[in-house]
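Since every read-out is calculated from the coordinates, none of them should be taken as a lab result. Not measured: the values here are computed from a predicted model. For neighbour counting, all protein chains shown are included, and Cβ atoms are generated from backbone atoms with ideal geometry for every residue, glycine included.
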Amino acid sequence: MLLLSSCKKGTNEGTLTFAVEYDEQEKAEREIIGLLPETLKYYYKNGSSTAEISAFGMFRAAYISNVQEKTNSVLFYFMPKKYTCKAKFGERMIGFDPLPGLILTPTDEEKEILGFTAHKVHVSFEDKSKEEYDIWYTNDIKIHDPNWPNPYKEIDGVLLDYRVALKGISMHISLSGISENAVDSSKFYVPKDFVNVEVDTMNAIFDEYLKMEF
């Protein structure tokens with residue numbers, strides 16, 4: 001399958017704000033979804049990145065890629081519990097739900113999304129009963145392996161409009177704002193008060209909290 005890449009240029013530091021939309025039917029069936037954040041923050045600096053959602057000081061989940069340490073980390077905070085797992089680049093980590101039979105078809109279509117040149121990729125599946133859709137990415141942001149925690153690893157560019165699922169919770173994530181202000185380097189390190197656990201343990205923790213009912 002074609003690797004999507006180009007000569008990266010443009011911004012090296014900043015914050016992207018994404019709107020997160022949830023499936024209405026899933027929301028009606030699972031009360032936890034109504035408590036989840038509707039905004040995702042994506043911080044980047046010198047090739048490192050952190051994608052983070054948080055709400056009311058009670059919940060925080062983040063995927064951190066630190067180029068200097070060559071590590072990927074996952075953070076999960078659900079008051080008062082704080083957990084993290086870490087691995088070297090290329091090692092197995094917990095991520096968004098896989099998309100079995102995923103087919104990525106590059107297109108020549110481009111458009112501007114909040115000042116970024118965005119490229120369209122059509123998404124289909126070997127299972128023809130699954131809904132097809134389009135996603136958009138940009139090469140205007142310098143990030144190392146920007147899609148390591150999601151099913152679109154073959155796309156070498158920052159996703160600006162896409163769909164993922166986490167523990168069966170479907171999300172449509174789309175860029176809604178940009179800041180070019182300096183980003184504190186601490187965003188790309190794991191806080192010392194988080195308890196380090198193995199990948200399988202972190203996966204079980206996600207299961208426990210994101211599948212809970214009220």
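Placing +1 on the Cβ of every Lys and Arg and -1 on the Cβ of every Asp and Glu, with no other charges, gives segment 13-210 a dipole of roughly 840 debye about its Cα centre. Label reach from Glu91 (point 7 Å along Cα→C-beta): in segment 178-210, amide nitrogens under 14 Å belong to 196-202. Phi angles of segment 135-141 translate, via the Karplus equation with coefficients 6.51, -1.76, 1.60 and θ = phi - 60°, into HN-Hα couplings of 10, 10, 9, 10, 9, 7, 10 Hz per residue; Gly and Pro are given as x. If you take all other residues with their beta carbon under 13 Å from the beta carbon of Phe96, and give Lys and Arg +1 and Asp and Glu -1, the sum is +2.
The H on the amide N of Val190, modeled in the peptide plane, is under 5 Å from the matching H of no residue at least 5 residues off or on a different chain.
Once the C-beta distance of Lys130 and Thr201 is scaled by a Förster radius of 35 Å, the resulting FRET efficiency is 0.65 to the nearest 0.05. With loop membership from DSSP and a limit of 13 other Cβ atoms within 10 Å, the longest segment of the chain without GluC sites (Glu not before Pro) is 39-90.
Segment 91-121: which trypsin sites (Lys or Arg not before Pro) are DSSP loop and have at most 13 other beta-carbon atoms within 10 angstrom? The qualifying sites are Arg92.
For segment 54-73, the residues whose amide N sits under 15 Å from a probe point set 7 Å from the Cα of Asn46 along the beta carbon direction are 65-71.
Computing mean projected area of the Cα convex hull in nm² directly from the structure and comparing it against [x] 11.4; [y] 16.6; [z] 12.2 singles out [z].
For segment 23-103, the set of chymotrypsin sites (Phe, Trp or Tyr not before Pro) satisfying both a DSSP loop assignment and a count of at most 10 other C-beta atoms within 10 Å is given as Phe56.
Rounded to the nearest 500, the helix-only mean residue ellipticity at 222 nm of the chain stands at -2500 deg cm²/dmol, with each DSSP H run of n ≥ 4 adding -39,500 (n - 2.57).
How charged is the neighbourhood of Ala51? Take every other residue with its Cβ under 14 Å from the Cβ of Ala51, and add Lys/Arg as +1 and Asp/Glu as -1. With Lys, Arg at +1 and Asp, Glu at -1, the neighbours total +2. Enclosing the Cα atoms of segment 59-172 in their convex hull gives a volume equal to 126 cubic angstrom per residue.
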